[in-house]
Amino acid sequence: MRKQYDTDNKKHRYPKTFLLLGLLLGLTTVLFTGCGSSDEVQRYAWPLATASPEDTVTQLFAERFAEEVERLSDGKMLIQVYPNSTLGGDRDLLETCADGDIPFVVQNTAPQVPFMNDLAVFDLPCVFSTLDECREKIDDPEFYDLISNVYTKGGYHLLGMADQGFRVMSTNKKVTDFSDFKGQKIRTMENSYHLAFWKSIGASPTPMSFSEVYIGLQQHTIDAQENPYEVIVSNNLYEQQDYIVETNHLPHLISLIVNDEFYQNLSPAEQKIMTEAAETATAYARQQSDERISDKIAVIEKSGTQIITLSDETRAQIQEAAKGVYESIKASIDSKVYNAYLD
């Protein structure tokens, strides 16, 4: 049975928008030409959907990919980006992409774990000290091939993977030592590995709909939450928090995927265009992520909220305490994927 994960780039999830999607798919079925042949002209754009708002790295990633595909194909291949859950929430988009109804999706890896269990490798806490280390691992040919195979088995083709930086903790209780995590009521996504991690370091994790987080912090039903800087600022969560603690416990990875059957039916020339466009878009999204993190930090510091960088000693204690999470994930995923990620 597939478990539904809450996601944080959207304040609430929508049910499937059957009418809009049906109209859209009717157009793509009747009016497309040249979907698998570079000799014909594509008249209408292929849909690319996200569940994220427009002002996010996810949107920038999607838009740059669409722009590059159009440029490299001299306008013969067109993609239309539908953000903000216009065509459904994360789970809906994964299902419709697997069915081939929506060819392209850009989203965080967390909601994909129930569909492709080996992606839980990205839930291993505190693996990387820097984003450069994380990106180097993602781009490592051996590891990237293993992850690509995971997506292929799920019915998707992985075109690229960017990020929104690390997930960090915001709280009203100052954290400088390992013991300071004890008892903090922190909101997390409904992800068993995330819950286990926070329990392992002494916190009291509470799954909660993201739409309730701001009010929960305001009314002190929770002490803390964890998200990338971009989400913390775009949803004004820092307004209700005295501290941002750079736990950097997980990278917030964003995948660009396409229905595998759709991709395989493209000509080699069209596939090459998709690959090159994705490489350019990935590099651009990572650059934008770095620049936007700096901007978000400036906004937070200007507000008076203090940013705390943990010592190496405290990070080592967190890693030691989280060993049980490592064992749990190791037991549930392909050993080759697990070992390649940690190698």
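The values are calculated or read from the model by the stated rules, or taken from the named source; none is laboratory data. Since we're looking at a predicted model, the values are computed, not measured. For neighbour counting, all protein chains shown are included, and Cβ atoms are generated from backbone atoms with ideal geometry for every residue, glycine included. Remember, those area values only see protein heavy atoms, side chains included, never the ligands or the DNA or RNA. Shrake-Rupley method; radii C 1.70, N 1.55, O 1.52, S 1.80 Å.
What to note about this one:
- One residue stands out in region 246-263 among those that are outside any strand (DSSP E or B) and out of contact with any Pro (no Cβ under 9 Å at 6 or more places or on another chain): the one that is surrounded by the fewest Cβ atoms within 10 Å (Cβ to Cβ), namely GLU261.
- Taking the numbered list (1) in contact with a strand residue (DSSP E or B) (Cβ under 8 Å, 6 or more places away or on another chain); (2) hydrophobic (A, V, I, L, M, F, W, C); (3) open to solvent by less than 20 Å² (accessible area, probe 1.4 Å) in turn, LEU266 passes all entries but (1).
- Residue that is surrounded by the fewest Cβ atoms within 10 Å (Cβ to Cβ), among those in region 288-307 that are closer than 21 Å to LEU253 by Cβ and polar (S, T, N, Q): SER294
- Annotation: of all residues in region 155-183 being in a loop (DSSP other than H, G, I, E, B) and over 25 Å from the mean Cα position of the chain (by Cα), the one that is surrounded by the most Cβ atoms within 10 Å (Cβ to Cβ) is VAL175.
- ALA285 within 27 Å of LYS182 (Cβ to Cβ), in contact with a Gly (Cβ under 9 Å, 6 or more places away or on another chain), open to solvent by less than 40 Å² (accessible area, probe 1.4 Å) and at pLDDT 95 or above: no
- Verdict on GLU313 being assigned to a helix (DSSP H, G or I), over 30 Å from PHE104 (Cα atoms) and either open to solvent by 60 Å² or more (accessible area, probe 1.4 Å) or in contact with a Ser or Thr (Cβ under 6 Å, 6 or more places away or on another chain) (or both): yes
- Candidate set: region 100-150, residues that are in a strand (DSSP E or B) and of a type in the set (S, T, N, Q); chosen: the one surrounded by the most Cβ atoms within 10 Å (Cβ to Cβ): GLN107
- Per the listing ASN227, ASN191, the residue uniquely modelled with pLDDT of 95 or more, out of contact with any Cys (no Cβ under 7 Å at 6 or more places or on another chain) and open to solvent by less than 10 Å² (accessible area, probe 1.4 Å) is ASN227.
- Among the numbered conditions (1) open to solvent by 10 Å² or more (accessible area, probe 1.4 Å); (2) in contact with a helix residue (DSSP H, G or I) (Cβ under 8 Å, 6 or more places away or on another chain); (3) closer than 29 Å to GLU291 by Cα; (4) at pLDDT below 95, the only one that PRO207 does not meet is (3).
- In region 41-89, of all residues being among the aromatic types (Phe, Trp, Tyr) and open to solvent by less than 10 Å² (accessible area, probe 1.4 Å), the one that is farthest from ALA281 (Cα to Cα) corresponds to TRP46.
- Any hit, region 265-285, residues being touching a helix residue (DSSP H, G or I) at 6+ places or on another chain (Cβ under 9 Å) and outside any helix (DSSP H, G or I): yes
- Those residues of region 325-339 which are part of a helix (DSSP H, G or I), open to solvent by 50 Å² or more (accessible area, probe 1.4 Å) and not polar (S, T, N, Q), in sequence order: GLU327, LYS330, ALA331, LYS336
- Just one of the listed residues (ASP118, ASP90, ASP101) is touching a residue at least 60 places away in the same chain (Cβ under 8 Å), touching a Phe, Trp or Tyr at 6+ places or on another chain (Cβ under 9 Å), over 30 Å from GLU320 (Cα atoms) and not polar (S, T, N, Q), namely ASP90.
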